[in-house]
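Before any comments, here is the structure.
The values are calculated or read from the model by the stated rules, or taken from the named source; none is laboratory data. All of these numbers come straight from a predicted model, not from anything done at the bench. Cβ placement follows ideal geometry from the backbone for every residue including glycine, while neighbour counts extend to all protein chains displayed. The protein model used for the area step is the full one, side chains on, heavy atoms only, and it has no ligands, DNA or RNA in it. Shrake-Rupley method; radii C 1.70, N 1.55, O 1.52, S 1.80 Å.
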Amino acid sequence: MNETRESILDPKGERLPVLPLKDAVVYPRMVLPLLVGRPDSVEAVDVAIRDEVPLFLCTQRDATVEEPNGPDLFRVGTIARIIQTLRMPDGTVKLVVEGLARGRVRRFYTRMSPIEALVHEMPPPRGVVNKETRGLMRTVLALFEEYVRLTQRVAPEVVMTLQDIEDPDALVDTCAAYLPIKMAERQQLLETSDPKERLSDLNMLLVRENELSEIERTVRDRVREQMERGQREHFLHEQLKAIHQELGSREEGGDEFSELRQLIDKAGMPKEVWLKADREFARYARMPVMSPESGVIRSYLEALCDVPWTQRSDDTINLDRARKVLDADHYALAKVKERIVEFLAVRKLQPQSKGPILCLVGPPGVGKTSLGESIARAMNREFVRMSLGGVRDEAEIRGHRRTYIGALPGRIIQGMVRAKVRNPVFMLDEIDKMSNDFRGDPSSAMLEVLDPAQNHAFSDHYLEVDYDLSEVFFIATANNEYDIPHALHDRMEVVRLSGYTQDEKEHIAKLFLLPKQREACGLAKKEVALTKAGLDTLIQRYTREAGVRELERQIASLCRKAARLKVDGQLKSGLKADPAKVIELLGPPVFSAIRAEVKARVGVAVGMAWTQSGGDVLTIETSLMPGKGKLTLTGRLGDVMKESAETAFSYLRAHAKQLNIEINFDKETDIHIHVPEGATPKDGPSAGTALVVSMLSALRDQAPAAALSMTGEITLSGRVLAVGGIKEKVISAHRAGIRRVILPLDNEKDLAEVPVEVRKAIRFEFVAEVAEVIRIAFSKSGGK
């Protein structure tokens, strides 16, 4: 039978001070320490000690409430006796309490401090403990003993103590006190009155805890084996993974596997790619996390998910807007702008058309790279830039295979990941600067990227699946068209950008460079201005380039000096940079006002050359000295140019009588030909006419016409053949102050590409024979 004991409280109930508890439930017969810190709770302890009455311990429904009232507290709690108290210096109180009996609140008194409650003691059940109850008690004891064995968190002596307990309520209260169960489950056990129901509930809790303890034990054993291999740091992660395996919660979400699964399902991959990702995910799910291969597979799956498989930006097919954007960002470049507008027109008529592959070829500083950004803005597309300068490994384009440590996708796929869409404007900068070595040829890897017939199935070594690049608008840039491999050159539509003329540079400086640098230096429009003469001085005497980079640097220097003057208080009415002011601020001009090539001198002829920076003029000097007909060539000339000089020398020897020069000059005179700027390599056949004029001028001791330049290949029979780079050469001659140009007759058609203002400023002479060149060059000679 149950033990009988006297009631602790008056049967009608007693008014007791209330001590609210956070996340704790106290059972009868429990002795435990408590730390009391809230003022109301400390006062409740003081009242209980002063009035020599028990404390009523009840649990808060919400542990975050700092000042609980009646509705915040459970109505069933434990009547407890204070055994010991200790007051701390910070005002808190440590006390030891013993649970006496369960109590139920009839009424809370919350208008006073501390909170008090009218508490009725819940009487223990009376009567004979039947067989069913005893069976339940034995089951509880067996399960609790198993729990102690599995967890080793409870001393074995506790089990021996429990075997002597005959009261079902006492058994439930004692066992529940040792179990790590939730607060709501503890409260439910406290509130339940029927011993059988309490024993049944405790049975279920013990079964669950034993199952979890068995899982934890399995995890501990598994982790212990791995820790012996030196990887203790993964203990918690492996424990969590093992629990997920046992509970079968991997597919329920909330862990790394379900997150990765969701990424794969949402990536929009094509079917064959999804199947490969699904196979790799299945391998990853079965693989121990300690395996090095696990991290490799996860990185691969994340890379697959990052690639834009279906996302694309909507093209803005508005030709007027595209023209305005291109014109606002770049001056001139009409051919490139026309090609972009043509593509947009085709795209509007045929939305499924493939992206074009353009190659912008031109000297540095003419705006090739920035033009790509403008194209993307005009089309409302994302812009990605990849610099190919110095790339010498094929794996940088196609990626590394996953067998290598630290393998990554190639730069093409990385660029697509940055763009986040499958139809960006993709700029391949400096495509002529790629090189190759023992690691492979990156230009060969680019063949698949830039071939419209193949790039719909581009294969990256890392991804190992095909990726469609056919919607990408590829734009390559290069300085030297001849350095692009032929096979790669054949796959691109080349658009050539020549150097800017004087007039174009003036417009660019006024519309773009000066406003940009003023804003960068924090200056207003009225505080820095360039007169036309000042801008001409800046362009002609401080820069000599096809593009405008050096011009921008000089304008930036002017703006910085204006900013310094403003800070010093010396810029009162603004800086108006005329020629004198430009020279005062920037120092002595780099180039003379009148180029040496414009003056007429004996033995000096002016040729024209195409260079990677656009074009330039060449001064060819010839000097005579007594000797035996030796021909000396200096100025770092290439083999082709040396052969042109020998051809010119032979032509003069063969026609000496007709040209009114000494017939035996090749036996009595040594000839030395020099092309200044000896550090710069020079080659090509186009200086043939200039070499003839320079040597003939020295032999005749007669200067050719001033401000005259020429280009053209010569033959031994005296014909003048066509050459390339006419547009760049003519623009460079105009920039150097040349006003007459001799060109091969077959190059007359190329003048259509020369800007109108340059054609108007220069007089062109077209020749088919060397004799015509000589007649023009010496017809208006300045004399000896």
Checklist entry - Is there a pair in LYS599/LYS760; LYS526/LYS760; LYS337/LYS526; LYS516/LYS581; LYS532/LYS760; LYS510/LYS599 whose C-alpha atoms are over 26 Å apart, and which pairs would that be? => result LYS526/LYS760; LYS337/LYS526; LYS510/LYS599
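Sorted by mean Cβ packing within 10 Å, highest first, what order do the peptides 472-480, 642-650 take?
Working: 472-480: 24.1, 642-650: 18.6.
Top of the packing list down: 472-480, 642-650.
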Checklist entry - Ordering GLU765, GLU373 by how much accessible area each has at a 1.4 Å probe, largest first, what is the list? => result GLU373, GLU765
Checklist outcome for this item: Over the chain, the sum of -39500 (n - 2.57) across DSSP H runs of at least four, divided by residue number and rounded to 500 deg cm²/dmol, gives at 222 nm -12500 deg cm²/dmol
Checklist entry - Given H placed 1.01 Å from N in the peptide plane, which residues other than close sequence neighbours of GLY103 have an amide H under 5 Å from its amide H? => result GLY77, THR78, ILE79, MET122
Checklist entry - Relative to the longest principal Cα axis of the chain, at what angle does helix 195-227 sit, 0 to 90 degrees, rounded to 10? => result 40
Checklist entry - Accessible area of MET710, 1.4 Å probe, to the nearest 10 Å²? => result 0
Item to check | Using alpha-carbon coordinates, inclination of helix 532-542 to the longest axis of the chain, degrees | outcome: 90
Checklist entry - For segment 427-536, rounded, prolate or oblate, judged on the Cα gyration tensor with a ≥ b ≥ c (square roots of eigenvalues), a/c < 1.5 rounded, else prolate if a/b > b/c? => result prolate
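Using a 1.4 Å probe, what is the accessible area per residue for the chain, in Å²? List each step's numbers first, then the result.
Working: 38580 Å² over 784 residues.
With the other protein chains kept in place, the chain gives 49 Å² per residue.
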Checklist entry - When we measure straight from the Cα of LYS657, which aspartates and glutamates land under 20 angstrom away, once same-chain ones fewer than 8 places off are left out? => result GLU646, ASP666, GLU668, ASP670, ASP701, GLU769, GLU772
Checklist entry - Relative to the longest principal Cα axis of the chain, at what angle does helix 271-286 sit, 0 to 90 degrees, rounded to 10? => result 50
Next on the checklist: Place a point 7 Å from the Cα of GLU481 along the Cα-to-Cβ direction; which residues of segment 318-339 have their backbone N under 20 Å from it?
Outcome noted: 332-339
Checklist entry - When we measure straight from the Cα of LYS22, which lysines land under 16 angstrom away, once same-chain ones fewer than 8 places off are left out? => result LYS94, LYS182
Checklist entry - Under the Kirkwood approximation applied to all pairs of distinct alpha-carbon atoms, what is the hydrodynamic radius of segment 31-190 in Å? => result 17.8
Checklist outcome for this item: Gyration tensor on Cα atoms of segment 267-417, a ≥ b ≥ c root eigenvalues, a/c under 1.5 rounded, else prolate if a/b beats b/c, else oblate, says prolate
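Indicate the gyration tensor shape class of segment 341-497 (rounded, prolate or oblate), computed on the Cα atoms with a ≥ b ≥ c the square roots of the eigenvalues: a/c under 1.5 is rounded; otherwise a/b larger than b/c is prolate and the rest oblate.
oblate
Can you tell me the FRET efficiency between SER444 and ILE405 if r is taken as the Cβ-Cβ distance and R0 is 22 Å, rounded to the nearest 0.05? Write out the running numbers ahead of the final one.
Working: r = 25 Å, r/R0 = 1.15.
Efficiency computed from Cβ-Cβ geometry: 0.30.
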Checklist outcome for this item: Sequence order, segment 296-304: Karplus ³J(HN,Hα) from phi using 6.51 cos²θ - 1.76 cosθ + 1.60, θ = phi - 60°, Hz rounded, Gly and Pro as x, gives 5, 5, 5, 4, 5, 5, 5, 5, 4
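Run through the DSSP bridge list for the chain and note the antiparallel percent, rounded to the nearest 5.
Details: 49 of 89 bridges.
Bridges in the chain are about 55 percent antiparallel.
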Checklist entry - Which of the cysteines found in the chain have nothing to pair with, since no other Cys Cβ lies under 4.7 Å from theirs? => result CYS58, CYS175, CYS305, CYS359
Item to check | segment 136-183 - convex hull of the alpha-carbon atoms, volume per residue in Å³ | outcome: 74
Checklist outcome for this item: Counting only residues 5 or more apart in sequence or on a different chain, those whose built amide H sits under 5 Å from that of VAL528 are LEU575
Checklist entry - On average, how much area does the Cα convex hull of segment 25-122 cover when viewed from any direction, in nm²? => result 6.0
Checklist entry - Sequence-distant or interchain residues sharing an amide H contact under 5 Å with ASP670, placed H: which? => result MET625, GLY627, LYS628, GLY629, LYS630
Item to check | Approximate spin-label separation SER557-GLN163, in nm, with each point projected 7 Å along Cα-to-Cβ | outcome: 10.1
Item to check | Accessible heavy-atom area order of SER370, SER7, highest first, probe of 1.4 Å | outcome: SER7, SER370
Next on the checklist: Which one, GLY440, SER686, VAL148, is farthest towards the positive end of the dipole of the chain when Lys and Arg carry +1 and Asp and Glu -1 on their Cβ?
Outcome noted: SER686
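Can you tell me the length gained on complete extension of the stretch ASP503 to ARG283, counting 0.36 nm per residue apart and subtracting the Cα distance? Write out the running numbers ahead of the final one.
Working: separation 220, 0.36 × 220 = 79.20 nm, distance 6.63 nm.
Contour length minus Cα-Cα distance gives 72.6 nm.
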Next on the checklist: Just to verify a number: what accessible area does ILE762 come out at with the full protein assembly present, 1.4 Å probe, Å² rounded to tens?
Outcome noted: 10
Checklist entry - Say each of ALA533 and SER435 gets a label point 7 Å from the Cα, pointing the same way as Cα to Cβ; how far apart are those two points in nm? => result 5.0
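Kirkwood Rh, Cα Rg: Rg to Rh for the chain? Walk me through the numbers on the way to the answer.
Working: Rg = 46.8 Å, Rh = 36.0 Å.
Rounded to two decimals, Rg/Rh equals 1.30.
Which order do THR218, THR151, THR78 take by accessible area at a 1.4 Å probe, largest first?
Numbers: THR218 55, THR151 20, THR78 0 Å².
The ranking, largest first, comes out as THR218, THR151, THR78.
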Item to check | Gyration tensor over alpha-carbon atoms, segment 678-754, equivalent ellipsoid semi-axes in Å | outcome: 20, 16, 14
Next on the checklist: Residue by residue through segment 344-352, what is 3J(HN,Hα) from phi via Karplus (6.51 cos²θ - 1.76 cosθ + 1.60, θ = phi - 60°)? Round to whole Hz and write x for glycine and proline.
Outcome noted: 5, 5, 5, 5, 5, 7, 9, x, 8
Checklist entry - From the backbone phi of segment 445-451, what are the Karplus-calculated ³J(HN,Hα) couplings (6.51 cos²θ - 1.76 cosθ + 1.60, θ = phi - 60°) in whole Hz, Gly and Pro given as x? => result 5, 6, 4, 5, 5, 9, 9
Item to check | GLU584 paired with SER291, simple spin-label distance in nm, labels 7 Å along Cα-to-beta-carbon | outcome: 7.9
Item to check | Net dipole in debye of the chain [+1 Lys, Arg Cβ; -1 Asp, Glu Cβ; about Cα centre; nearest 20] | outcome: 3700
